[in-house]
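Beneath this line is the structure, given in structure tokens, with notes to follow.
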Amino acid sequence: MKRIFLFVFAFSLTACSSVLPDNSADLSDFIPSEENTEQIICSKEFTFVSDHFDKDCYWTELVRVVDGDTLIIPDDVRVRFIGIDTPETKDPRKPLQKFGPEASGKTKELLSESKRICLLSDPDGDELDKYGRRLAYIFTESGVDVNAELLRTGYAKGYFYFPFTRKEEFRCYAKKAKEEKVGMWE
């Protein structure tokens, strides 16, 4: 009886391993590497389509900027910028990171003239991150694309670990800022 049980148990383990899909190859698209970044040609001009902006935009008030890539809107909702990462200034688990205050200051500067902001979700991405923050592209009333501007000026790095539709565009902005040694790349 023990032999039959061991045989069935061993067989089921073998069967399980062959049934499970191998997703490891799919993850490579979302993990940044020097090879992926260097292969991108950034000659294409990217523009934001204004009619899409008007139709899908969620207009809200800005309560405050938490740091370079996070802000708060009414009802204490935290919003995390899609596709970018700035050095930490508020994470209690980490010390103040180099260039964090400058990145936070740049975000505040970009948003200072807007009473309201546009939040735009990404159709290829999640609505919330693992911390429950809303994920969005941020635009000012005058049309400034805050996520892209932080990348272009070197106040943010690209954050390419998750899918989003503007990934190629953002890689180009990040690469160009690094090449031109602007912002944190000086």
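Rule-based calculations on the coordinates, nothing more; no lab input. In this text, all values refer to a predicted model and were calculated from it rather than measured experimentally. Note that each Cβ is placed from the backbone with ideal geometry, even for glycine, and that neighbours are counted across all protein chains shown.
Brief remarks follow.
- Surrounding net charge for Gly183, when Lys and Arg each add one and Asp and Glu each subtract one, Cβ distance under 14 Å: 0
- Unit charges on C-beta of K, R, D, E only; dipole of the stretch 54-103, Debye: 240
- Anisotropy class of the stretch 61-186 from Cα gyration tensor, a/c 1.5 cut: rounded
- Descending by average beta-carbon neighbour count within 10 Å, the peptides 66-74, 79-87 line up as 79-87, 66-74, the highest first.
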